[in-house]
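Report on the following structure.
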Amino acid sequence: MSYLDNPSSVLNLVTDDEAHRDVYIAEDVYELEMNHLFRNTWIYVGHASQIPNKGDYYSTTISDQPVLMVRHTDETIHVLYNRCAHRGTKLVTDIHGNTGKTFRCPYHAWTYRTDGTLLGVPVRDGYEDVSFENSFASKGMTAVSNVCVYREFVFAKLQDGGIEFEEFFGDSLSSIDNMIDRSPEGRLEVVGNPLRYMHHCNWKMLVENQTDSFHPMVVHESSAGVVKEIWEDMKSNSNATPMAVECIVPFTSPYSFYEKMGIRTWQNGHGHTGVHFSIHSDYTDTSGYVDQMKEAYGKERAEEILNENRHNTVYFPNLMVKGPIQTLRLFKPLAADRTLVESWIFRLVGAPDMLLERTAMYNRLINAPTSIVGHDDAEVYERAQEGLHCTNNQWMNFQRHYFGEEGVAPMEEFPGTTEAQMRNQFRAWKKFMFLVGDQSGVQA
Amino acid sequence: MNLTEVDLVDFVIREARMLDEQQYEEWLELFTEDGIYWMPLEFGQTEEKLTTSLMYEDLLLLKTRVMRLSGKRTYSQLPKSRCQHLLQIPSVDKIDATNNDYRVFTPFHYVESRNDEKELYAGWMKHSLILEDKRLKIKLKRVDLVNCDSPHRNIQLFI
């Protein structure tokens with residue numbers, strides 16, 4: 001039997017504190033996730049700084065849908081499906097580019113304005129008396145109608161109806177706010193292309209790991225532990241702790257450290273580690289950045305911004321931002337057992353280069369396919385993807401620190417090594433898999 | 001001491017062999033104290049520190065990699081990876097004894113294998129070498145993958 005024949009049966013695969021292996025390994029469950037969950041939720045598309053000028057575009061995907069984000073002639077940002085209305089050819093294939101005032105299809109030269117409307121068709125009289133005006137093609141490139149640009153972060157929801165942007169994210173937007181506020185000018189800029197790291201595992205394993213404070217001291221003993229050891233040996237000859245040591249060594253912090261860091265959850269699957277402090281709390285500033293912030297915001301407000309050291313904030317379903325180090329990771333599902341992770345970095349506009357240098361270093365040390373930290377993470381996810389094929393036990397366990405009655409308040413706090421945020425994600429998974437009244441699995 | 005083109009070519013070929021034979025302690029000795037191993041993320045990248053790279057590592061980080069590879073709890077190396085370099089004949093771009101500046105350019109194919117997976121990478125490596133105590137040392141090794149910006153699986157050893 002396929003879950004596609006009875007879509008609502010997938011809701012039985014997730015309990016309050018366990019998840020059946022099929023939500024990780026079954027292709028038909030993955031297909032339902034793409035057709036429902038990823039259409040019913042607000043998905044991160046890109047950042048406005050990627051398309052500063054009119055005609056600039058950025059091409060990407062939302063679930064399995066090719067889309068592009070473009071700056072229209074009136075400066076507004078549009079998200080369009082990346083296909084020619086005529087016969088389906090993708091209109092752009094570069095990741096970033098400038099299309100001028102129009103998109104032109106390389107196949108039959110149909111042209112579109114940058115809001116997607118059809119501009120021209122060569123030798124148009126061939127379409128007289130064929131009811132062209134009633135066709136899908138005549139409508140031009142389809143625009144995603146639900147787009148929200150929140151302080152230059154562009155999100156889209158493919159399905160009409162359902163939850164509004166503000167309600168979906170609620171107070172969790174405070175993590176994005178904090179990352180932006182860390183710029184003395186209150187502005188971020190994407191720098192360079194993202195790292196692209198391919199994993200042979202389900203996308204949820206990666207998202208779950210973002211708030212898994214029960215693994216670093218185990219999985220990363222081999223990398224962070226070794227840096228610590230080598231640094232202990234070397235440091236007698238050196239005054240300053242190298243940036244790389246500051247970035248990696250905190251991963252070896254003991255259980256008690258992570259327990260006290262705390263986890264905060266919000267409604268609809270969002271949450272973050274590092275409520276009280278985090279592995280990012282103790283970065284050295286030798287650049288004058290802190291003074292610059294006090295100048296820009298006043299002492300009190302600057303301290304408030306900089307003392308917020310949230311570690312990882314998960315925006316359900318597939319985004320993570322790390323405010324204190326200005327990185328963003330997008331977990332793009334490609335199949336039940338394939339996930340592409342993109343890791344982006346931002347410049348705090350107006351801040352000294354030292355901060356960008358640390359951000360770029362952090363990204364390559366932790367998020368790259370060449371990362372000694374990432375290697376062991378990938379190893380455990382992929383072992384799980386294979387191990388889940390054992391049929392005797394078909395369940396993933398998420399009971400750590402589960403005392404019942406979760407997800408009631410708008411915001412809840414837990415000891416840091418809890419699996420509460422994973423349970424929170426699964427509650428959202430069930431909530432957004434099908435809109436109310438739509439458990440048929442048939443798209444409108 | 002006058003270095004010839006043959007000396008420089010030999011150095012690059014010997015370095016690749018050390019990596020294939022996983023003689024890492026010996027390999028680390030090839031770097032100067034401030035030596036750097038750089039693998040850019042973007043094609044033709046010129047910025048070293050203010051944008052993302054795949055690797056930009058000093059001796060501290062290179063030593064960490066080497067030590068980690070043999071760790072008992074290095075799960076991604078259980079079982080271990082193997083690698084093989086296939087080098088085109090290196091071309092010597094610069095021999096400048098006065099400024100102690102030697103440059104070698106080497107196209108390569110590189111295979112890394114672990115469990116049942118085998119990945120092929122192709123690209124170009126550029127060695128910037130200097131003479132130190134009568135031995136050639138690596139000041140900068142830059143590795144440009146032909147598909148540096150593609151999605152990659154784990155690359156765990158050294159190209």
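The values are calculated or read from the model by the stated rules, or taken from the named source; none is laboratory data. Fair warning: this is a prediction, and the values are worked out from it, not measured in the lab. Glycine gets a Cβ as well: all are built from the backbone with ideal geometry, and neighbour counts include every protein chain shown. Remember, those area values only see protein heavy atoms, side chains included, never the ligands or the DNA or RNA. Shrake-Rupley method; radii C 1.70, N 1.55, O 1.52, S 1.80 Å.
A few remarks follow.
- Test for B:GLU21: is it facing chain A (nearest Cβ under 10 Å) and either closer than 28 Å to B:PRO151 by Cα or acidic (Asp, Glu) (or both): no
- Every test in (1) open to solvent by less than 30 Å² (accessible area, probe 1.4 Å); (2) away from chain A (no Cβ under 14 Å); (3) in a helix (DSSP H, G or I) is passed by B:GLU26 save one, and that test is (1).
- Matching residues, region B:100-159, being part of a strand (DSSP E or B), out of contact with any Phe, Trp or Tyr (no Cβ under 6 Å at 6 or more places or on another chain) and within 14 Å of chain A (Cβ to nearest Cβ): B:GLU112, B:ARG114, B:GLU117, B:GLU119, B:GLY123, B:VAL143, B:HIS152
- Test result for B:GLN88, open to solvent by 80 Å² or more (accessible area, probe 1.4 Å) and under 13 Å from the mean Cα position of the chain (by Cα): no
For every residue, the table says whether it meets (1) among the aromatic types (Phe, Trp, Tyr); (2) assigned to a loop (DSSP other than H, G, I, E, B); (3) open to solvent by less than 30 Å² (accessible area, probe 1.4 Å); (4) modelled with pLDDT under 95.
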residue: A:VAL29; (1), (2), (3), (4): no, no, yes, no
residue: A:LEU37; (1), (2), (3), (4): no, no, yes, no
residue: A:SER59; (1), (2), (3), (4): no, no, yes, no
residue: A:PRO66; (1), (2), (3), (4): no, no, no, no
residue: A:VAL70; (1), (2), (3), (4): no, no, yes, no
residue: A:ASP74; (1), (2), (3), (4): no, yes, no, no
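- Residue match in region A:294-308 (condition: open to solvent by less than 10 Å² (accessible area, probe 1.4 Å), without any contact (Cβ under 8 Å) to a residue 40 or more places away in the chain and either farther than 25 Å from B:GLU48 by Cα or more than 19 Å from the chain's Cα centre (by Cα) (or both)): yes
- Selection count where residues are among the hydrophobic types (A, V, I, L, M, F, W, C) and farther than 19 Å from A:GLY88 by Cβ, scope region A:106-129: 1
- Test: residue in region A:159-177 that is within 14 Å of chain B (Cβ to nearest Cβ), modelled with pLDDT of 95 or more, surrounded by fewer than 20 Cβ atoms within 10 Å (Cβ to Cβ) and outside any helix (DSSP H, G or I): no
- Identity of the residue in region B:29-43, touching a residue at least 60 places away in the same chain (Cβ under 8 Å) and not in a strand (DSSP E or B), that ends up farthest from A:ASN193 (Cα to Cα): B:LEU30
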